[in-house]
Every structure is written in structure tokens, then in C-alpha cells.
1. Please verify whether the range 21-33 includes one or more residues that are over 22 Å from residue 78 (Cβ atoms), out of contact with any helix residue (DSSP H, G or I) (no Cβ under 7 Å at 6 or more places or on another chain), modelled with pLDDT of 95 or more and not in a loop (DSSP other than H, G, I, E, B).
2. Condition (residue is under 20 Å from the mean Cα position of the chain (by Cα), at positive phi, surrounded by 15 or more Cβ atoms within 10 Å (Cβ to Cβ) and not in a strand (DSSP E or B)) applied to the range 276-285: is it met by at least one residue?
3. From the list 83, 108, 59, pick out the single residue that is touching a helix residue (DSSP H, G or I) at 6+ places or on another chain (Cβ under 6 Å) and either within 16 Å of ligand 2 (Cβ to nearest atom) or modelled with pLDDT of 95 or more (or both).
4. Read through the list (1) buried (at least 18 other Cβ atoms within 10 Å of the Cβ); (2) part of a helix (DSSP H, G or I); (3) more than 16 Å from ligand 2 (Cβ to nearest atom), then give the number of the only condition that residue 244 fails.
5. Anything in the range 79-93 that is out of contact with any strand residue (DSSP E or B) (no Cβ under 6 Å at 6 or more places or on another chain) and within 14 Å of ligand 1 (Cβ to nearest atom)? List them, or say none.
6. How many of the residues making up the range 365-417 are touching a strand residue (DSSP E or B) at 6+ places or on another chain (Cβ under 6 Å), within 12 Å of ligand 1 (Cβ to nearest atom) and either at pLDDT below 95 or over 30 Å from residue 282 (Cβ atoms) (or both)?
7. Examine the range 376-394 for a residue that is within 16 Å of ligand 2 (Cβ to nearest atom), surrounded by 15 or more Cβ atoms within 10 Å (Cβ to Cβ) and under 23 Å from residue 77 (Cβ atoms), and state whether such a residue exists.
8. Determine the pairs where a residue that is on the phi > 0 side of the Ramachandran plot, located within the range 148-168, has a partner that is in a helix (DSSP H, G or I) and crowded, with 18+ Cβ neighbours inside 10 Å with Cβ atoms under 7 Å apart, the partner being 6 or more residues away or on another chain.
Ligand code: FAD
Ligand code: PYC
């Protein structure tokens, strides 16, 4: 196809950006689908792609209230790593990491996955004990990781202040060399194009306003633009809005929605070629290929759905960054934004059946779901195809909050929440 070829790219570079082909169709929805996915973020699109590719289920619609990938997928800071403490989480995120490593080839779309390494800094003796425990657990699970001392950290990040007379001196770090960043939009677009090429209908600007439930089973969804669309099975993948969606179906989802902010600086020359995160001083930073410093921190403490966040949180974040990198103190910030993240009480996701038959939820990724996008889509597709949880999804049932089998990943979440 011309749109995939180098020749197409060359031709369009001389064509004043006119008459470009659409990368996916803009179909009118059918009356009924085998599967409806609510939410066209990275996770929803990946689910649709793997449903078609791995399970041959192509009579699928993704229904998105805005535009594809315009939610948290567009708003996140793209850090990818799999260094989680407990086996259940580590296996899930490592499954995603392995898919990341072949994703550009699989989708034939450059998602700019850059394995530049991720440092999680330790500033106290207890931080270092936790880091050692987590890295040891990772290595037992076959996940790459090293414990570095302050000198080794300084070698990797020469511009960071690793002197020991600071308020929070850098004592060391965990280092995951296979971690890194990816291009968020490209991930959504690559999965969207892939799903569309298998015949999945991507329905944009269409909000699901209610669930149609008969005799305890979901039979369709009500939308604001196309009325009722029927389905045998529905997967809800609406990060930031999952509590509202669960209420539509008549039950409570055990999570809270919070704003999470990020910001980028003006572009500067290459200065930071890895990812630095510090849970302790509440700041993390990487540098985009364009040169911006990409910065963020913990959630805003209150519940809400406004995609912005409060000033004091972002001020605190910048204090932390300047504490780590005094050299950045005069860099100007260009843009700031917020997304809404659904957080659970054990900082782990929910990939689950629900009290409503044939209705499944994939949510609760909190501050850290971008890194999981391929793995989440892969296991959720299997869950929807078979009607029962994929082995990697089983520990993440919503019912664990009733039976107490939590998987506490607050320490590895990387961003306080
Ligand atoms: P989304 O991309 O939000 O997709 C959900 C979609 O559902 C949206 O497009 C929305 O419009 C749609 N929707 C909602 N309600 C309805 C409805 N009623 N009808 C139809 N459609 C609906 N994670 C990391 O791993 N690394 C990071 O560095 C990182 N940084 C972050 C920084 C910030 C500032 C934020 C906000 C998040 C960050 N995250 C990070 C978390 C990550 O962004 C999310 O966990 C992940 O993107 C969730 O993906 P998704 O596809 O489920 O959600
Ligand atoms: O989960 O690694 C993460 C993360 C980094 C920034 C936001 N979340």
C-alpha cells in the first residue's frame, strides 16, 4: 500500500500536505458487534488490535467520546519500565515490556521506543533497602535491574547534583537498562491503523451515555450520537472515567479519580539521555527527542475530573527537579497540563469481569498505565475473547478488594499516589 512506503512519504513531502489518505476509516456504526470496546485510548485500541490479530474477532467497534488517543494516552510522560516488586505485577509489566521490544515491527509503525534506561533514586537508607529488595525480586523474575551507588548514578547522569550535603542526598538508585520512553501518539495511531486494517470500526466523537442491561447481562451501549449499539460482550477501558462507567452499569468500582499533572520546558540541547525518577523528592524528568524536559510528579491530593490540577503541586514538582538539577533552574517552562487517573488502593490495575455478565473492565492503572499498553491490550483481548481472565490478569480482579488478596505496589509505582 502506498501509505506505508518510503515513496509515499517522499511524494507527500512535495505535495504541500494535501490529499493525504486517511490512516483509518470513519465508518458508520453497525447495529450490532461481537465486541464493543468503550474508550479509544492506547489500551482500548491495543485490545481491539489483539482481538482481531490473535483471536480472529474482527466484528468489533471501539467507541471513543473524543478523538483516538486524546485522553491519558496523549497526556502522559511516556515512561516505560517493568521493575515492579511482586510476581503478579512484575509478570504483567514484563509481558508488556517484551511486546514493546517488538512493537514497531509488529505494527509496521515507528512507536519510537527508546530503551535509554530508567533510574529510580534512593535518598535514605530505607529507600536503598527497598531498592535492593525490589531489584533482587526483579532479577529472580528474569527482569533486568541493578542497584547503583551514588558514584555510579553520577556517571550515568553527570549533570545531576549527587553531592552528599543536600537535603535529600542521592544515595544510589535502581537502574533498569531496558526501561525508557516511547512516542505516545504513535502508539495510539499504530494500534488504530492496525485494528482498522483488520476491519475494526473506530467510532470517534461518540460518547457512551448508558449501558443496556437485560436480565443481569449487558446487551449493548447507549450513545449520544448513534443511539443504542448492541454487542455480545463489552470491554470498558475508560481511564479517568471508570467509576462513572461502573455506576452506569449499577455497581461501584473500587477506585478514586485524581488529577495528575505534567509539564514540558522549552527545547534545550541534549543534556539528559536517560530517565530519572525520585519518589522521595516527588519529581521525575526525561528529555524528549525534540529537546524539551518532560517533567512530572505525584497526583493532586483531591478527587476530581478537571484535567488541570493545582498550582502548588506543580510548584512542588519544580522545586524537586531544581533540587536534583540546579543546572535547570533557569530553563523556562513551556506548557503544563493534567489528566485524570483512576487509582486503586494497592496501586495495581483492575482487569476483570464484573457483577454484570459479559461486561469487563480494564482500569485503575493510576499514574503508570502507559508502560503497560501493549500487555494490557494483549491480556484484555484474551479475556474478552474467552470470557474469562487471562492467566496474567487473574490477580487483578476487582473482587480482590472484597477477598483481601491485594498486590501492594505503592513502592514501585514510581509516582506517589
Ligand atoms: P486513555 O488514553 O485515557 O483512554 C481512555 C479513553 O476513554 C479516553 O480517550 C476517553 O475519552 C474515553 N472515554 C471515557 N469515557 C468515555 C465514554 N463514556 N464514552 C466513550 N469514550 C469514553 N503511565 C506510565 O506508564 N508512564 C508515564 O510516564 C505516565 N505519565 C503520566 C503522566 C500524566 C500527566 C498522566 C495523566 C498519566 C500518566 N501515566 C503514565 C498514566 C497513563 O497515562 C495511563 O495509565 C494510560 O495512558 C491509560 O491508558 P488508557 O488507554 O487506558 O486511557
Ligand atoms: O509509572 O513510571 C511510571 C510513571 C512515570 C511517570 C508517571 N508514571
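1. Checked against the condition, which is being over 22 Å from residue 78 (Cβ atoms), out of contact with any helix residue (DSSP H, G or I) (no Cβ under 7 Å at 6 or more places or on another chain), modelled with pLDDT of 95 or more and not in a loop (DSSP other than H, G, I, E, B), the range 21-33 yields at least one hit.
2. Yes: the range 276-285 contains one or more residues that are under 20 Å from the mean Cα position of the chain (by Cα), at positive phi, surrounded by 15 or more Cβ atoms within 10 Å (Cβ to Cβ) and not in a strand (DSSP E or B).
3. 83
4. That leaves (1) as the condition not met.
5. Across the range 79-93, the qualifying residues are 82, 84, 89, 92, 93.
6. 4
7. yes
8. Pairs found: none.
The values are calculated or read from the model by the stated rules, or taken from the named source; none is laboratory data. In this text, all values refer to a predicted model and were calculated from it rather than measured experimentally. Using ideal geometry, Cβ is built from the backbone for each residue, glycine included, and neighbour counts are taken over all protein chains shown.
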